[in-house]
Amino acid sequence: MSQPPQGIESKPLRETVPDYSAEVEDAQVRRLQRMLRAYHSEEAEAVLSDPTKKEVAERQQANKDAERLARIPFSDSKVRLNGEEGSLALAKITRRLSDPGIPESRRDNAPICSFRTYLFGNLIAGEKRSLRPVGKHHFILKQHLQPGSTTVRISGHSWEVRIPEDSHSQEYLITLYKPPGVKPEFHVFPVGELMAMNNAHIPAWLPDEFQIQNPG
């Protein structure tokens, strides 16, 4: 008698699962590296734009006095100001610096300001200076100007400042407001007239090296 065929013994198939652990780990490392780079980039940008705690306190202190002058008429287009108008110009800057709705601007960009002064048709002085950034697209400079007609040029813009020939040379405060896409505001006014005023707005955010402070 023939015997029934014996079955072939077989082992169950083992499901092959690809090992993705190395690929997943590499992807996570790359993602964390991107997040770290983005974080450091934001930190570096903040250093170049955000005011220090000292500057914030100085702005808040100056803003209390600036509010007092907010309703006095003042022309943004006027270039050569007297001491009283200069006080109003500084008060307006203070209000902008204290406004949380106005974004900060980078502090590593200092526009170059060139001066050429003519007296009786002759060039008597020429100089280039860097303006000091104080925040929110505002720049400032204390500059010694001579009598005569001075042409001031900054970033493709120019202004004429005329100081009477019979006056004397003295220090002036120069302010520039230059936000992107907006016509810049430029003002020049004598430091002496500002200091001689009663209740002039002399903000705490002015650089210490300018040595412009409220008396007492």
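Does segment 201-215 contain any residue that is open to solvent by 40 Å² or more (accessible area, probe 1.4 Å), part of a loop (DSSP other than H, G, I, E, B) and farther than 20 Å from residue 93 by Cβ? Yes; the residues of segment 201-215 include at least one that is open to solvent by 40 Å² or more (accessible area, probe 1.4 Å), part of a loop (DSSP other than H, G, I, E, B) and farther than 20 Å from residue 93 by Cβ.
Of everything in segment 171-197 that's in a strand (DSSP E or B) and under 16 Å from the mean Cα position of the chain (by Cα), which residue is farthest from residue 120 (Cα to Cα)? My answer is 177.
Just to be sure I understand, how many residues within segment 17-48 are at pLDDT below 65 and in a helix (DSSP H, G or I)?
Residues of segment 17-48 that are at pLDDT below 65, as a first pass: 17-20, 39-48.
This time we only want the ones that are in a helix (DSSP H, G or I), so: 39-48.
Count: 10.
When you check residue 162 against the structure, is it charged (D, E, K, R), touching a Cys at 6+ places or on another chain (Cβ under 8 Å) and outside any loop (DSSP other than H, G, I, E, B), yes or no? Considered against the rule, which asks whether it is charged (D, E, K, R), touching a Cys at 6+ places or on another chain (Cβ under 8 Å) and outside any loop (DSSP other than H, G, I, E, B), residue 162 comes out as no.
So, in segment 171-191, how many residues would count as being more than 20 Å from residue 75 (Cβ to Cβ) and either open to solvent by less than 20 Å² (accessible area, probe 1.4 Å) or modelled with pLDDT of 95 or more (or both)?
Kept after step one, since they are more than 20 Å from residue 75 (Cβ to Cβ), are these residues of segment 171-191: 171, 180-181, 191.
Then drop every residue that is not either open to solvent by less than 20 Å² (accessible area, probe 1.4 Å) or modelled with pLDDT of 95 or more (or both), which leaves 171, 191.
Counting residues in segment 171-191 that are more than 20 Å from residue 75 (Cβ to Cβ) and either open to solvent by less than 20 Å² (accessible area, probe 1.4 Å) or modelled with pLDDT of 95 or more (or both) gives 2.
Specify the residue that is nearest to the chain's Cα centre (by Cα); the eligible residues are those in segment 147-170 that are within 14 Å of residue 80 (Cα to Cα) and open to solvent by less than 10 Å² (accessible area, probe 1.4 Å). Only one residue tops the list, namely 152.
The values are calculated or read from the model by the stated rules, or taken from the named source; none is laboratory data. Being a predicted model, the structure only gives us computed values, none of them experimental. Cβ: placed from backbone, ideal geometry, glycine included. Neighbour counts: every protein chain shown. Side chains are part of the model used for accessible areas, which takes the heavy atoms of the whole protein and leaves out ligands, DNA and RNA. Shrake-Rupley method; radii C 1.70, N 1.55, O 1.52, S 1.80 Å.
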